[in-house]
1. Would you look at the GNM of the chain, springs on alpha carbons closer than 10 Å, and say which of ALA25, ALA135, ALA217 moves the most?
2. Add -39500 (n - 2.57) for each DSSP H run of 4 or more in the chain, then divide by its residues: what number comes out at 222 nm, to the nearest 500 deg cm²/dmol?
3. Just rank LYS95, LYS50, fewest to most, by other beta-carbon atoms within 10 angstrom.
4. Report the number of Lys pairs in the chain whose alpha-carbons are under 23 Å apart, with separation of 8 or more residues or on distinct chains.
5. Express in % the proportion of alpha carbon pairs of the chain at distances exceeding 33 Å.
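Please treat every number below as a calculation from the coordinates, not as lab data. If you're wondering where the values come from, they're calculated on a predicted model, not measured in any experiment. Here Cβ is always computed from backbone atoms with ideal geometry, including for glycine, and neighbour counts include all displayed protein chains.
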Amino acid sequence: MSANNALVIGGSGGIAQALIQQLVASETYDRVYVVSRAASVPTALAEDAKTLTWITLDSLDTEALETQISAWCDEDTAFSLIINTIGLLHSDTVKPEKRLEDIDIANLTRYFEVNTMTHAQWLKQAHKIVHSGGATYVAFSARVGSISDNHLGGWYGYRASKAALNMLMKTASVEYARRSKNTRLVCYHPGTVDTGLSKPFQSNVKPSKLFTPDFTASQLLSILPSLGTDPNIHYIDWQGEEIHW
């Protein structure tokens, strides 16, 4: 496993596409792999298509994911950087709750499917494909997933599913420390980014705190090398500052 590859999961999102472009442009990696439910490379990435390996995959499809992991293992393909950007804040049917009465089992289930279970699927498998010489696994979390930093309430499903993601990452870090000692896990809060995910909630955000996908991607990629390898789990924001769990 000598190749130096990067993997972006959830490749059709705005931040993911910025990350992909910057990873390709950096020429740091031998190959950039992308996993997405989208069947083809988005137009925004057309110029980079020749240097990408685009894989159409639903991360909730356990059998398909296991098949892909097995294929990478058979090919001796390993990754020194894995970034999982999958996340849900709202959709046509799912909206953040403002009060207890808004809690809905179907919506809660969807929040946990996307924000927690997809990440659990990858955490379960990633130790098989991380580079033995050192790797970083990043999961896009959120500051509102912090239990100790919750002073406003609301957004029950989103908060709870992100807090559950943080716990998954924290717990997995204990096992990764035994089974994949050179792998560092990172929960990353990107801030409020000007993408479809945050669009309905941008009115109260100061212009200086509404970030472009390019800025958010560059911040993450510039922060990671400075984290070091100890401890093997970090919960950080876009400035590289640690967030209380």
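1. ALA25
2. Details: 6 runs with 79 residues, N = 245.
Counting only the DSSP helices, I get -10500 deg cm²/dmol.
3. Values: LYS95 16, LYS50 8.
So the residues, fewest neighbours to most, are LYS50, LYS95.
4. Lysine pairs satisfying the spacing and distance rule in the chain number 18.
5. Details: 4031 of 29890 pairs.
Everything past 33 Å amounts to 13 percent.
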